[in-house]
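First comes the structure, then the notes that go with it.
The values are calculated or read from the model by the stated rules, or taken from the named source; none is laboratory data. Just so it is clear, the model here is predicted, and its values are computed rather than measured. Here Cβ is always computed from backbone atoms with ideal geometry, including for glycine, and neighbour counts include all displayed protein chains. In case anyone asks, the SASA skips ligands and DNA or RNA and just uses the protein heavy atoms, side chains included. Shrake-Rupley method; radii C 1.70, N 1.55, O 1.52, S 1.80 Å.
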Amino acid sequence: LTWQILHDYQKQRIYSFMSPTADPQGVGFHVIQSMIAVGSGQLFGRGLGRGTQSRLQFLPEFRTDFIFAFIAEELGFFGS
């Protein structure tokens, strides 16, 4: 019932959450980049100011919307 009243952009966000690889160049791009950022942090991270995904602007709004991916990349699993 709720699906009926959602706008198209809201449905696309749900689709990209469920399967980001279905449209890797479109709506799934930022989700995939955030997963890359979290994975590249490994256990101890790259170090403060050395995160490539956030510094090269693959993560948009890394200080607000993608803050967890940003912290996980720079401080790693233990830091996040």
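Data for the structure
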| read-out | value |
| --- | --- |
| Qualifying trypsin sites (Lys or Arg not before Pro) for the chain [loop in DSSP, other Cβ within 10 Å: at most 11] | R50, R63 |
| Packing rank of 33-40, 20-27, where each peptide gets the mean count of other beta carbons within 10 Å, highest leading | 33-40, 20-27 |
| Whole-number accessible area per residue in Å² for the chain, which is evaluated in the context of all protein chains at 1.4 Å | 74 Å² |
| Cα-based helix-to-principal-axis angle, 29-41 vs the chain, degrees rounded to 10 | 30 degrees |
| Computed label-point distance, nm, for sites L6 and I32 using a 7 Å Cα→Cβ extension | 2.1 nm |
| Contour minus Cα-Cα distance for A22 and L43 (0.36 nm per residue) | 4.7 nm |
| Helix 67-79 axis, angle to the chain major axis (alpha carbon atoms, nearest 10°) | 50 degrees |
| Filtered chymotrypsin sites (Phe, Trp or Tyr not before Pro), region 1-71: DSSP coil and at most 12 other beta carbons within 10 Å | F44 |
| Net charge of Cβ neighbours under 15 Å - reference V27; Lys, Arg +1; Asp, Glu -1 | -1 |
| Relative contact order for the chain, counting Cα pairs under 8 Å that sit 6 or more residues apart, in percent | 27 percent |
| Dimensionless Rg over Rh [the chain; C-alpha; Kirkwood] | 1.08 |
| Difference of contour (0.36 nm per residue) and Cα-Cα distance, F78 to R55 | 6.2 nm |
| Carbon and sulfur %, accessible surface of the chain computed with the full protein complex present, 1.4 Å | 60 percent |
